[in-house]
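Asks: Questions regarding the structure given below will be posed in turn.
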Ligand SMILES: Nc1ncnc2c1ncn2[C@@H]1O[C@H](COP(=O)(O)OP(=O)(O)OP(=O)(O)O)[C@@H](O)[C@H]1O
């Protein structure tokens, strides 16, 4: 099949200067003294993409994904190597970068068309689809400098996907807008895929990568570690991340005072102040973790300062998904564990231990709370919204899981012919 993108021996070297002023000094010394170190953001990368193919690119922060996409999109020059493109590219990399803030939304739609080499007549036939998708109402006739950032990206996104490209470049752009816009965007991208367009898709969301892509490239420190079947590559990548986590965490345990674990994040907080949660961490095998494999035994470790006498303390957590749906909530009373009364001016540690459920691989937040009373009638002493984020992963085949939870079902079928 015809190659629509061919990347050959691509390398991008950046010069790294210890201080910004060293760059000028080097020029003034006619480059006779080298004050920089070289850093290869991409190192001899080769692959190709055919029409109809959706290629996913995964890798840790700094692995070279954006550099690669920018070179393919033509906004960055490689140090060596070659990229051959056979078709028109539309990129969601720098959304709205070509918009003129003084012009109206409508004028910018046509400006975008002319930059992409599309006549005004052809743009007129696409115009209604573009404004319907962007959904910015009468603002379309206002200068884009008056737009909210959400309206701005929605219009830019809509322009980029409606110009009938042969190649679409997408870099985490699906995280723009609200959930409805994200779903609408994903649907549109699937339509482009079904229409046979080549798509390059960079995302940290492995689930989206696996459901959308036919092939995945795993980049690490500018080189291709693996390329091929999305599930195979994504799974190998995920397991590597998991192993890395274990080695990183080891040193934390050794150096950290258990009473000084702190609260990583506080989105909001309320309570009567009779107790204060001062630390939270998730432990697997007594080591703090931010990633948990479904089925693993986890301890949520809380450190709480008791300020006033509590006759019936109860402690619990609420776990939510990224759309803020409650996935599950547990507390000591609900489990028939009744804590003894607590005197003021004391410190307690609580360990809530349970098997991490089989969940959709994504991020989940944990909100801890301490209250005084019973399940039906209590006063909240301290509630912290989204204190830590846990990334849930699975060692199982993670493609195709629908909904929030994997029920770990086993099938048994008897009879039939
Ligand atoms: N303008 C620059 N000057 C120097 N180094 C740079 C420059 N741009 C990128 N780099 C370096 O090149 C490497 C690759 O960066 P790149 O942004 O492509 O990574 P990435 O995989 O897209 O990361 P992320 O997932 O965080 O977006 C990194 O080490 C980065 O620090």
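Asks: Exactly one condition in (1) within 9 Å of the ligand (Cβ to nearest atom); (2) assigned to a loop (DSSP other than H, G, I, E, B); (3) without any contact (Cβ under 8 Å) to a residue 40 or more places away in the chain is false for residue 70; which is it?
Replies: The number of the failed condition is (2).
Asks: Consider the range 261-294. How many of its residues are assigned to a loop (DSSP other than H, G, I, E, B) and under 23 Å from residue 360 (Cβ atoms)?
Replies: 5
Asks: Name the single residue that is surrounded by the fewest Cβ atoms within 10 Å (Cβ to Cβ) among those in the range 219-239 being more than 16 Å from the ligand (Cβ to nearest atom) and not in a strand (DSSP E or B).
Replies: 232
Asks: What number of residues within the range 1-28 are within 12 Å of the ligand (Cβ to nearest atom) and either out of contact with any strand residue (DSSP E or B) (no Cβ under 9 Å at 6 or more places or on another chain) or in a helix (DSSP H, G or I) (or both)?
Replies: Adding up the residues that qualify gives 2.
Asks: What are the pairs with Cβ atoms under 8 angstrom where one residue, in the range 349-363, is under 7 Å from residue 299 (Cα atoms) and the other, located anywhere, is loosely packed, with under 13 Cβ neighbours inside 10 Å and modelled with pLDDT of 85 or more? Sequence gap at least six, or different chains.
Replies: 353/297; 354/297
Asks: Taking the range 290-323 as the search range and keeping residues that are exposed (fewer than 15 other Cβ atoms within 10 Å of the Cβ) and without any contact (Cβ under 8 Å) to a residue 40 or more places away in the chain, which one is farthest from residue 385 (Cα to Cα)?
Replies: Within the range 290-323, the match that is farthest from residue 385 (Cα to Cα) is 309.
Asks: I'd like to check something: does the range 393-415 contain any residue that is at pLDDT 85 or above and under 18 Å from the mean Cα position of the chain (by Cα)?
Replies: Within the range 393-415, one or more residues are at pLDDT 85 or above and under 18 Å from the mean Cα position of the chain (by Cα).
Asks: Within the range 188-197, identify whether any single residue is under 17 Å from the mean Cα position of the chain (by Cα), in a helix (DSSP H, G or I), without any contact (Cβ under 8 Å) to a residue 60 or more places away in the chain and more than 16 Å from the ligand (Cβ to nearest atom), and answer yes or no.
Replies: no
Asks: For the range 29-67, how many residues meet the condition of being within 11 Å of the ligand (Cβ to nearest atom) and either under 22 Å from the mean Cα position of the chain (by Cα) or at pLDDT 90 or above (or both)?
Replies: Initial filter on the range 29-67 (within 11 Å of the ligand (Cβ to nearest atom)): 36-43, 57-67.
In the following step, the residues that additionally are either under 22 Å from the mean Cα position of the chain (by Cα) or at pLDDT 90 or above (or both) were identified as 40-43, 57-67.
Total satisfying the criteria: 15.
Asks: In the range 345-388, what residues are outside any strand (DSSP E or B) and touching a strand residue (DSSP E or B) at 6+ places or on another chain (Cβ under 8 Å)?
Replies: Keep residues of the range 345-388 that are outside any strand (DSSP E or B), which gives 345, 356-358, 360-362, 374-377, 386-387.
Listed by number, the residues that qualify are 345, 356, 357, 358, 360, 361, 362, 374, 375, 386, 387.
Asks: Given (1) touching a helix residue (DSSP H, G or I) at 6+ places or on another chain (Cβ under 6 Å); (2) within 16 Å of the ligand (Cβ to nearest atom), where does residue 172 come up short, assuming only one miss?
Replies: All conditions pass for residue 172, except number (1).
Asks: Give the range 11-45 a look and list any residue that's without any contact (Cβ under 8 Å) to a residue 60 or more places away in the chain, out of contact with any helix residue (DSSP H, G or I) (no Cβ under 9 Å at 6 or more places or on another chain) and within 29 Å of residue 224 (Cα to Cα), or say none.
Replies: 16, 18, 37, 38, 39
Asks: Right, another one. Condition check: without any contact (Cβ under 8 Å) to a residue 40 or more places away in the chain and either more than 16 Å from the ligand (Cβ to nearest atom) or at negative phi (or both). Does residue 207 satisfy that?
Replies: Values: without any contact (Cβ under 8 Å) to a residue 40 or more places away in the chain: no; either more than 16 Å from the ligand (Cβ to nearest atom) or at negative phi (or both): yes.
In short, no.
The values are calculated or read from the model by the stated rules, or taken from the named source; none is laboratory data. The shown structure was predicted, so the numbers you read here are calculated from the model rather than taken from an experiment. Note that each Cβ is placed from the backbone with ideal geometry, even for glycine, and that neighbours are counted across all protein chains shown.
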